[in-house]
Every structure is written in C-alpha cells, then in structure tokens.
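In what follows, a single structure is set out as structure tokens and then discussed.
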Amino acid sequence: MSEVPRREWRFYVDDMLAFAEKVAGYTAGLDQSAFVANGLVYDATLRNLELLGEAATHVPEAIRAQSPQVPWRMMVATRNRLIHGYLGIDNDTLWSIVITDVPAVLAALRTLQKSF
C-alpha cells in the first residue's frame with residue numbers, strides 16, 4: 001500500500017484565499033436579508049467557510065505561530081460550528097463573519113502568501 005504524499009502547506013493557504021474570495025464574490029452587493037433569502041448563495045457561503053476552516057487545520061502550527069495576523073483559531077472554530085451545527089446557525093453572526101471577518105482574513109492571507 002503506497003502512502004499518500006503530504007500536501008505542501010502553501011497550497012492550503014492558496015486554497016484558503018480561493019475560498020474566502022468565493023465568499024466575498026457570492027455575497028457582494030447583498031445585504032443580510034438578501035443573503036439569507038438566497039438559499040444557493042447562503043449554502044455556498046457556508047460551504048466555503050467550512051472549507052476555509054478545514055484548510056486552516058492543515059497549516060503547520062509553526063507557520064500559524066509566525067502569522068498571528070491570520071485568525072487561525074477563529075476560522076477553525078467557525079468551521080466546527082458550521083459543520084456540527086452547534087446550536088444552529090445564527091444569521092447575524094454569520095453575516096458579521098461575511099462582511100467583517102472575511103475581508104480581514106483575505107488581507108491577512110494575501111500578506112502571508114507574499115511572504116513565501
């Protein structure tokens with residue numbers, strides 16, 4: 001049985017950027033009511049936030065420690081809450097993540113990406 005090669009952590013950062021960019025693109029021009037009312041956009045946004053947090057778990061702890069501007073724990077915790085549906089999904093919190101946290105994550109990830 002052959003071992004699956006470990007994927008280079010930098011590719012996960014690239015993926016994280018792509019997921020966050022999708023969230024920003026899907027929700028551009030929407031307000032919270034339009035976002036919540038559009039099932040496809042809502043579900044696609046949730047999925048990409050989940051994937052963003054999952055990819056964050058594959059970035060080594062040493063890299064995370066060197067990049068405190070990236071909210072690693074928040075992304076992973078958000079992923080866990082969304083995947084496991086802890087206490088349902090609060091639309092106000094989700095919208096806040098979309099309009100406040102995602103742009104900040106994009107900026108931090110772009111800075112990190114430029115450093116390697």
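Computed values, structure above
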| quantity | calculated |
| --- | --- |
| 1 or more residues farther than 23 Å from residue 111 by Cβ and at pLDDT 95 or above: qualifying helices (runs of 4 or more DSSP H) within region 11-87 | 32-37, 39-56 |
| Residue among 36, 59, 102 that is hydrophobic (A, V, I, L, M, F, W, C) and over 20 Å from residue 114 (Cα atoms) | 36 |
| Qualifying residue in region 55-62 (condition: surrounded by fewer than 16 Cβ atoms within 10 Å (Cβ to Cβ) and either without any contact (Cβ under 8 Å) to a residue 12 or more places away in the chain or more than 14 Å from residue 10 (Cα to Cα) (or both)) | yes |
| Failed condition for residue 11, given (1) touching a residue at least 12 places away in the same chain (Cβ under 8 Å); (2) surrounded by fewer than 17 Cβ atoms within 10 Å (Cβ to Cβ); (3) among the aromatic types (Phe, Trp, Tyr) | (1) |
| Considering residues of region 63-80 that are farther than 14 Å from residue 115 by Cβ and touching a residue at least 24 places away in the same chain (Cβ under 8 Å) only, the residue surrounded by the most Cβ atoms within 10 Å (Cβ to Cβ) | 75 |
| Close pairs from region 88-116: first within 13 Å of residue 49 (Cβ to Cβ), partner hydroxyl-bearing (Ser, Thr, Tyr) and surrounded by 13 or more Cβ atoms within 10 Å (Cβ to Cβ), Cβ under 7 Å, at least 6 apart | 97/78; 98/27; 98/45 |
| Members of region 14-23 found to be in contact (Cβ under 8 Å) with a residue 60 or more places away in the chain, in contact with a helix residue (DSSP H, G or I) (Cβ under 6 Å, 6 or more places away or on another chain) and either under 14 Å from residue 97 (Cβ atoms) or surrounded by fewer than 16 Cβ atoms within 10 Å (Cβ to Cβ) (or both), listed by number | 20, 23 |
| Residues (part of a helix (DSSP H, G or I) and loosely packed, with under 14 Cβ neighbours inside 10 Å) located in region 88-103 | 91, 92, 93, 96, 100, 103 |
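The values are calculated or read from the model by the stated rules, or taken from the named source; none is laboratory data. For clarity, every value in this text was computed on a predicted model and none was experimentally measured. A quick note on method: Cβ atoms are made from the backbone with ideal geometry, for glycine too, and the neighbour counts reach across all protein chains shown.
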